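The values are calculated or read from the model by the stated rules, or taken from the named source; none is laboratory data. These numbers come from a predicted model, not from an experiment. Every residue, glycine among them, receives a Cβ derived from its backbone with ideal geometry; neighbour counts consider all protein chains shown. These accessible areas exclude ligands, DNA and RNA; they are computed on the full protein's heavy atoms, side chains included. Shrake-Rupley method; radii C 1.70, N 1.55, O 1.52, S 1.80 Å.
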Amino acid sequence: MTQSVESKPTLDQQRAAFALKRIQQLAKGGQDVGHYVSYVSALPATIVMNGLGQALTTQLAKAKGNPKAPRRMLYNHVAGWLSQQIKELWVPDDDLPKVIDRLMEGNQDVYVRAQGEAMAYLNWLKQFARAYLQEKEGQSDE
């Protein structure tokens with residue numbers, strides 16, 4: 001007789017599922033994703049060079065207040081994951097810009113954990129974006 005054991009998904013599986021859901025929403029949504037694939041591909045290197053706080057703040061700034069801008073969508077995807085995974089960064093889903101405030105208010109341990117988690121999550125987000133989204137040619141949305 002075999003026993004069925006319900007196992008909880010690993011953290012990496014949770015990252016993948018969260019990322020896949022976000023990218024599928026973009027792919028189905030019929031909205032213009034612009035250069036999202038390029039932005040998500042470049043974000044890990046930007047984080048390494050400048051740090052998580054500056055990299056996320058840049059995404060918000062370049063979105064120029066437009067919630068449908070590809071950079072804002074990318075910010076929301078990363079901030080949403082961090083808010084869910086790191087209790088010190090939690091904010092309601094409708095207040096994701098506050099993740100940066102929480103990140104800056106936290107200690108170095110929180111910042112380092114958030115940066116590592118963002119990098120791990122971005123691996124999945126980048127792969128799914130490349131697989132499911134069409135890159136817009138030509139014009140930049142900056």
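Some observations on this one:
- Test: Ala63 is among the small types (Gly, Ala, Ser) and closer than 20 Å to Gly116 by Cβ: no
- Criterion violated by Val37 - all others in (1) in a helix (DSSP H, G or I); (2) at positive phi satisfied: (2)
- Neighbours by Cβ (under 9 Å, 6+ apart or cross-chain): first from the range 77-96, closer than 23 Å to Ala129 by Cα; second in a loop (DSSP other than H, G, I, E, B) and not aromatic (Phe, Trp, Tyr): Ala79/Val91; Ala79/Leu96; Ala79/Pro97; Gly80/Leu96; Ser83/Val91; Ser83/Pro92; Ser83/Leu96
- Test: residue in the range 103-117 that is open to solvent by less than 20 Å² (accessible area, probe 1.4 Å) and hydroxyl-bearing (Ser, Thr, Tyr): no
Residue-by-condition table, conditions (1) more than 20 Å from Pro67 (Cα to Cα); (2) touching a strand residue (DSSP E or B) at 6+ places or on another chain (Cβ under 7 Å); (3) touching a residue at least 60 places away in the same chain (Cβ under 8 Å):
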{"residue": "Gln13", "(1), (2), (3)": "yes, no, no"}
{"residue": "Arg22", "(1), (2), (3)": "no, no, yes"}
{"residue": "Ala27", "(1), (2), (3)": "no, no, yes"}
{"residue": "Gly30", "(1), (2), (3)": "no, no, no"}
{"residue": "Gly34", "(1), (2), (3)": "no, no, yes"}
{"residue": "Leu43", "(1), (2), (3)": "no, no, yes"}
{"residue": "Ile47", "(1), (2), (3)": "yes, no, yes"}
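- Residue satisfying condition, being crowded, with 17+ Cβ neighbours inside 10 Å, under 15 Å from the mean Cα position of the chain (by Cα) and not in a helix (DSSP H, G or I), within set Val78, Val99, Val91: Val91
- Scanning the range 23-41 for residues being closer than 12 Å to Lys126 by Cβ and open to solvent by 50 Å² or more (accessible area, probe 1.4 Å) gives a total of 1.
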